[in-house]
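Below: one structure, written as structure tokens.
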Amino acid sequence: MLQIYCPYCKEERPELEFRHAGEAHIARPADMKSISDEEFEGYFFIRSNPKGIAFERWRHVHGCGRFFNAARDTVSDKFITTYEAGEPKPDAAELAAKSGEADK
Amino acid sequence: MAEALAARPQYPLEGLVAGSAQVQITPAAPASRLALRARPDAVAPLSKALAVKLPQKPKTSARGTAAKTKSRQALWLGPDEWLVIDTDGADLMAACQPATGTFSAVDVSNRNTAIIVSGAAAEAVISSGCPQDLSLKAFPVGACARTLLGKTEIVLLREEEDVFRVECWRSFSAYAFAFLAEAARDPMV
């Protein structure tokens with residue numbers, strides 16, 4: 001079972017307590033009425049699905065109940081870092097370098 | 001004239017007992033409970049009004065110190081969320097009336113019910129369905145957390161080294177009790 005670090009509970013908790021909640025850092029357009037259909041499609045449906053570092057929202061649903069963000073490697077399935085919702089997106093290249101070092 | 005209908009609390013676990021020589025599983029006595037959400041500005045007034053200092057640290061609980069509130073505990077569930085339990089059945093809604101600030105208090109006395117699991121094998125019995133590390137080091141006396149037991153969500157509180165309080169929703173309590181009773185037949189101590 002994966003152990004996921006909850007930034008609100010400040011410790012690792014078992015995967016069963018968490019629920020995945022889609023891609024992180026997707027900003028809702030401020031003025032929905034003025035955007036084109038293509039722009040709406042991009043916001044609403046199109047997701048990045050990268051190979052490597054993905055930024056995801058997770059929710060500690062059977063714990064503190066909070067949403068937070070996580071950087072996870074989609075190849076190794078490892079969580080690289082988790083951080084509170086609202087914090088800026090970490091740099092993917094830096095995280096990749098860090099996780100590469102940790103694996104060695 | 002029509003009779004006024006009042007909702008009567010139900011105690012689906014009343015009279016049940018389970019366990020073995022190593023562990024006792026019993027329904028807890030009815031208690032009053034409060035689901036509390038509070039902004040930082042309301043935490044101090046609420047602590048004063050309830051006479052229990054609302055814990056700020058994850059996975060911790062606090063007990064009232066005054067003679068009248070010794071039966072009262074506040075459990076940290078989230079950064080702005082607490083479960084307050086008073087085993088004497090005090091009126092918690094009235095108690096938090098004078099508090100100021102932004103908060104929400106919901107009486108969940110009859111939504112929840114509790115099961116007391118005690119004895120040398122208590123930790124092992126709960127571990128059979130709870131994914132958290134319940135060793136004394138990771139989950140000391142006074143620690144509490146919302147987590148899972150089998151397929152149902154519970155709030156777990158370690159009252160003593162070998163006494164746990166399992167708070168679950170009343171409608172799930174038959175499942176939770178049966179799960180614990182089954183686990184108690186052969187605990188992995």
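Readers should treat all values here as calculations from the given coordinates under stated rules, not as data from a laboratory. Source: prediction; values computed, not measured. Positions of Cβ are backbone-derived with ideal geometry, glycine not excepted, and every protein chain shown enters the neighbour counts.
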Per residue and in cubic angstrom, what volume does the convex hull of the Cα atoms of chain A have? 120 Å³
Normalise the Cα radius of gyration of region B:32-107 by 2.2 N^0.38 Å (N = residues in it) and let me know the number. 0.94
Lysine pair count for chain B [Cα-Cα under 29 Å; pairs on different chains or 8 or more apart]: 17
In region B:110-179, GluC sites (Glu not before Pro) in a DSSP loop with at most 16 other beta-carbon atoms within 10 Å: B:161
For the Cα atoms of chain B, what angle does the longest principal axis make with the long axis of helix B:40-50, in degrees from 0 to 90, nearest 10? 80 degrees
From other protein chains only, count the Cβ atoms within 10 Å of every residue's Cβ in B:131-137, then give the mean. 3
Per residue of region B:4-11, in order, report the coupling 6.51 cos²θ - 1.76 cosθ + 1.60 (Karplus, θ = phi - 60°) as ³J(HN,Hα) in whole Hz, putting x for Gly and Pro. 6, 9, 10, 5, 9, x, 10, 10
Taking the Cα atoms only, what angle lies between the long axis of helix A:92-103 and the longest principal axis of chain A, rounded to 10 degrees? 20 degrees
Gap in Å between the Cα centre of region B:117-176 and the Cα centre of region A:15-35? 34 Å
How far is helix B:173-183 tilted off the main Cα axis of chain B, in degrees rounded to 10, range 0 to 90? 30 degrees
List the aspartates and glutamates whose Cα lies under 19 Å from the Cα of residue A:78, skipping any in the same chain that are fewer than 8 positions away. A:11, A:12, A:15, A:17, A:23, A:56, A:91, A:94, A:101, A:103
Can you compute the radius of gyration and Dmax for the protein assembly as shown, using only the Cα atoms, both in Å? 22.3, 81
Over the C-alpha atoms of region B:43-178, what are the Rg and the largest Cα-to-Cα span, Dmax, in Å? 14.9, 44
No partner Cβ under 4.7 angstrom, meaning no disulfide-compatible partner by this rule: which Cys of chain A qualify? A:64
If unit charges are put on Cβ atoms (+1 for Lys and Arg, -1 for Asp and Glu) and the dipole of chain B is taken about its Cα centre, the option from B:116, B:134, B:77 lying farthest towards the positive end turns out to be B:77
